[in-house]
Amino acid sequence: MKKRILIISYYFEPCQAIGARRWSEFFQLMQKDEEYDVTVLTADWTGRKPRSDRIVCLGGEHLFRPFPSINREWSFWDYVKHPSVFFRSLERGMLTDPWYKETKHWIREHRHESYDMVIASYTPLNSIRLGRYAKKILGAKLVVDMRDMMSLQGQKIRLPIIDGIDRALDRFWLDKSDVILSVGPTICRKASEFYGKKVHLIYNAFLAKALPSATSSLQGCKEITMSYLGTMGHRRNPRGLIDIVSRFRQRHPDIAIKMVFASQDDPHEFIDESLSKAVEIDWLGYIGREEVERLKEQTDLFILLEDTDEKGKENVTGKLFEYMLAQKPIVAYCHPRSDISAILEDTGSGRVVTNVDEFESFLLPLLENGFEADRERILRYSREKQYERLKEVLS
């Protein structure tokens, strides 16, 4: 008999958020699996929706736009406007969110149906609240997928008393979970200690069927396009990498480099004019899916930005696996001992650079010998491989 699973994931196709791909692609694999009968409850995102009567869109039409970033040192009023930097276990709109209300109503209306398991994907917090409610109403096991940490989030500012309350609420929200998943080794270790439960590592990934034949080669290239796709901010800051590339250009003026930023955030806000003289910077703004795919084809090296601080070591952005799928070299500007660095080294997909010497020692051999992606090593991080691990956990 098939296991009946209810997935509660606010982010889902056709939403362009990187977090939407995780359960959208797991759902595709589950649909083909004879062991599972799966229903998805998600928000009603604008765009071309997957054709399936097992996807239930609720809460009125949603248009995805990344949250605006703060590209400077935070002021007192920035902290007032963004209390999540101190306290993450409560969110604005928890009680007024129409998606939450309609999804809760759907669960109540289907309370007589039999489900073996409920999977709730965080964020937002309302996904976990709905998962708890579904477990109670449906009598099913609860799996919570912590794509991000709540009170344990590394970059959170910890204030006495407030942090204690935040942690207590965090434990409360997950106290009914039977299984916890997360996306990185460091996060899993921290969460296991905090919740007193085993936390299973299921990486963000890509569908192996989408992995093209490797065609990337930088051998003999004198004009290089480096591309960044995503948001930027005070911590996910391109200034350091732009400075590194500018210094490299001063050493090697015969190698032209263009840095392209497909982001709602303007890279010029992070730098002064002296940095941009040695390297061409092209800001495209926020672009759609088709434009993203065209840019990937034109790209020679991908740029990955993450927090360079010790507290950012745990971050394993889904953007890393999106880049790996393109089988082109990745230059990461983040903490050198981060989980990202370990994955890049394991797959041979790129390197973390923190200074011009490291960038030079990475790029020059590529220009001399070219770059050939190691498909077998990359495929270890495919969605299909992660699905095998997920099935083991769910069983």
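The values are calculated or read from the model by the stated rules, or taken from the named source; none is laboratory data. Predicted, not measured: the structure shown is a model, and the values here were computed from it. Note that each Cβ is placed from the backbone with ideal geometry, even for glycine, and that neighbours are counted across all protein chains shown.
Look through the range 1-12, keep the residues that are in a loop (DSSP other than H, G, I, E, B) and surrounded by fewer than 23 Cβ atoms within 10 Å (Cβ to Cβ), and return whichever of them is modelled with the highest pLDDT.
Pass one, the range 1-12, residues in a loop (DSSP other than H, G, I, E, B): 1-2, 10-12.
Then keep just the ones that are surrounded by fewer than 23 Cβ atoms within 10 Å (Cβ to Cβ); that gives 1-2.
Values: 1: 82, 2: 91.
By that ranking, first place goes to 2.
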Query raised in the report: Taking only pairs six or more apart or across chains, which ones have beta-carbon atoms under 8 Å, a first residue in the range 237-261 that is in contact (Cβ under 8 Å) with a residue 40 or more places away in the chain and basic (Lys, Arg), and a second residue that is buried (at least 16 other Cβ atoms within 10 Å of the Cβ) and not in a helix (DSSP H, G or I)?
Result: 247/278
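Does the range 94-134 hold any residues that are among the β-branched types (Val, Ile, Thr) and touching a residue at least 12 places away in the same chain (Cβ under 8 Å), and which are they?
Result: 103, 107, 118, 119, 123, 128.
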Query raised in the report: What is the one condition in (1) in a loop (DSSP other than H, G, I, E, B); (2) surrounded by 16 or more Cβ atoms within 10 Å (Cβ to Cβ); (3) in contact with a helix residue (DSSP H, G or I) (Cβ under 9 Å, 6 or more places away or on another chain) that residue 157 does not satisfy?
Result: (2)
Query raised in the report: So which residues in the range 34-47 are more than 21 Å from residue 103 (Cα to Cα) and touching a residue at least 40 places away in the same chain (Cβ under 8 Å)?
Result: 35
Report task. Among residues belonging to the range 301-338 that are touching a helix residue (DSSP H, G or I) at 6+ places or on another chain (Cβ under 6 Å) and among the β-branched types (Val, Ile, Thr), point out the one that is farthest from residue 210 (Cα to Cα). Result -> 316
Query - Residue that is in the same structural domain as residue 374 (by TED's automatic domain parsing), within 19 Å of residue 19 (Cβ to Cβ) and touching a residue at least 24 places away in the same chain (Cβ under 8 Å), where the choices are 284, 301, 305, 295 - result: 305
Query raised in the report: Is one or more of the residues making up the range 203-223 among the hydrophobic types (A, V, I, L, M, F, W, C), assigned to a strand (DSSP E or B), modelled with pLDDT of 95 or more and in contact with a strand residue (DSSP E or B) (Cβ under 8 Å, 6 or more places away or on another chain)?
Result: no
Requested in this report: Search the range 341-367 for residues that are assigned by TED's automatic domain parsing to the domain that holds residue 320 and on the phi > 0 side of the Ramachandran plot and pair each with any residue that is assigned to a helix (DSSP H, G or I) and exposed (fewer than 15 other Cβ atoms within 10 Å of the Cβ) when their beta-carbon atoms are under 7 Å apart and the residues are at least 6 apart or on different chains.
Outcome: 348/377
**Report entry** Among the residues listed as 127, 114, the single one being among the polar types (S, T, N, Q) and surrounded by fewer than 20 Cβ atoms within 10 Å (Cβ to Cβ)
**Finding:** 114
Requested in this report: Would you be able to say whether some residue in the range 143-154 is modelled with pLDDT of 95 or more, more than 29 Å from residue 236 (Cβ to Cβ), in a strand (DSSP E or B) and of a type outside the set (A, V, I, L, M, F, W, C)?
Outcome: no
Requested in this report: Can you confirm whether the range 244-252 contains a residue that is β-branched (Val, Ile, Thr), surrounded by 21 or more Cβ atoms within 10 Å (Cβ to Cβ) and in contact with a Leu (Cβ under 8 Å, 6 or more places away or on another chain)?
Outcome: no
Report summary line: Taking the range 301-321 and keeping only residues that are surrounded by 21 or more Cβ atoms within 10 Å (Cβ to Cβ) and either among the aromatic types (Phe, Trp, Tyr) or more than 18 Å from the chain's Cα centre (by Cα) (or both), one is left with 301, 302, 321
Query raised in the report: Restricting the search to the range 13-23, which residues are crowded, with 22+ Cβ neighbours inside 10 Å and either over 18 Å from residue 99 (Cα atoms) or of a type in the set (Ser, Thr, Tyr) (or both)?
Result: 21, 22
**Report entry** Enumerated helices (runs of 4 or more DSSP H) restricted to the range 230-315, each holding at least 1 residues that are modelled with pLDDT of 90 or more, under 28 Å from residue 339 (Cα atoms) and of a type in the set (D, E, K, R)
**Finding:** 239-251, 289-298
Requested in this report: Quickly run through the range 24-55 and pick out the residues that are in a strand (DSSP E or B) and either under 25 Å from the mean Cα position of the chain (by Cα) or among the aliphatic types (A, V, I, L, M) (or both).
Outcome: 38, 39, 40, 41, 42, 43, 44, 45, 55
